[in-house]
Every structure is written in C-alpha cells, then in structure tokens.
Amino acid sequence: MFGQSKTLPIILLVAANLVPLIGLFAFGWTVNSILVVYWVESVIIGILNIPRILAAGSGPKINGVPSQHGKSLGGKIFLSLFFTVHFGGFCAAHAAFLGSLFEAGPEFAQLLSGGPLLWTAAVFLFSHSVSFVMRLSRGEFVSKNPQAQLFAPYGRVMIMHMTVLFGGFAMQSFGAPIAALILLIALKTIVDLGAHLRETRKAEETATPPIVLPASSAP
C-alpha cells in the first residue's frame, strides 16, 4: 500500500518546498540563501538518479522472470559513472555561477557549517528519497531505458533553475522584498509539482504490464 500511494510524495514535495519560508521569516534568508538551497536540491536529484539508472532496463516480466532486453549491469555502471562526471560538472559550474554573479560564497559556507540551510537540504533529501523508493516499489523503472534515464534529470533541473535564476536576477535588480521572495518560492513549487506530475503520468503511460505466456499443453 505504501508503494501504491501517489499522494504522499506530493504532500512531501509541497511541504519541502515550503520549508524555505521558515528560513525567510525565522532566519532572515535572502534570495542567495534560497538559490543555494535549490542548488543543493539539484545535487540531490542527480545523486538519486544513479540508482534510477541501475534499476532501469530490467524489462517486462515473462511468467515472473525479467527479460534481458535491458543494459547489462556493467553497462549501467558505466552510464552511472558517466552521469556522475557529467552532472557533477554541471552542478559545479552552477555553483561557480552563483558564487560569481550572485556572490553566494557566504551562503555556501553556511551550508557547509551546518545550520538551517543544511537542515532544509535534509528535508529535500527526505522528500526525494521517499518519492524514489515509492516509484521503485511500483516498478516504474522496469521498462525505462537506461540511456533515457541518464538524461532525465536535466530537463527538470534546467526548467526549475531557469525559473529560479530569472526570478533571482529580477529581485537582485529591483530589490528583494519579502513578498517577492514568497512569490519566487511559490513559483518554484508550482514548477516542481508540475514536473513531478508529468513524470508520474509518463511512467503510467509507458508502464509495461507483465507478459504471461500460455502454459504448454501436455502431448
């Protein structure tokens, strides 16, 4: 039943996205703090994509036995390593971008030293981890192509961060009143929820039902 529920990940997703509001009102977070938290979330999405790649491509079951059309374990490990280097470089460039254009160095230092930024990152990790485990238990990765799964996070992360960065630039240029930061958090939450629902719908559309071969009749 836990694996079949689709409501819990949505509740956790919305709740995690609202946690930055606590930082905003309780700890005086700025737009830089929020941008750094969302950067950490993209790192979490990337980390959790590695087991998704390893779980992908096992294929539909025939009489309860997985088919062999997917990549071998060695091939999946290679794809996982390639993804780690490629996505890691993407995240490193993004961090450098935030450090140079938004001067977010102090916020990165706060993240490494613990405190509210790290706690918020832990909430995002919990939310995404629960979603992954529930998708895995529903068998959503069974018919997923490993190569397609390798590139799956980029679309979601790019859309999310383009929304956030453009909002960040606007607030940096015209000031960042509380109302504007709340609007940024709300906009990011809507984009994130839309991406989650699209992923769920796509998984349902491409789900491969088990194939049961008729039992051979005795001569």
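The table for this structure:
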item: Candidate aspartates and glutamates for bridging to Lys188, where Cα separation is under 17 Å - those fewer than 8 sequence places away on the same chain excluded; result: Glu41, Glu199
item: Cα gyration tensor, the range 7-203 - rounded (a/c under 1.5), prolate or oblate; result: prolate
item: Fewest-first ranking of Leu21, Leu35, using other Cβ atoms within 10 Å as the exposure measure; result: Leu21, Leu35
item: Size of charge dipole - the range 7-158 - debye, nearest 20, with Cβ of Lys, Arg +1 and Asp, Glu -1, no other charges; result: 720 debye
item: Potential lengthening between Phe78 and Arg198 on full extension [0.36 nm per residue; Cα-Cα distance subtracted]; result: 40.4 nm
item: Long-range HN-HN contacts of Phe27 with modeled amide H, under 5 Å; result: none
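Values in this text are rule-based calculations from the coordinates and carry no lab data. Only a predicted model underlies this, so the values are computations on that prediction, with no experimental measurement involved. Every residue, glycine among them, receives a Cβ derived from its backbone with ideal geometry; neighbour counts consider all protein chains shown.
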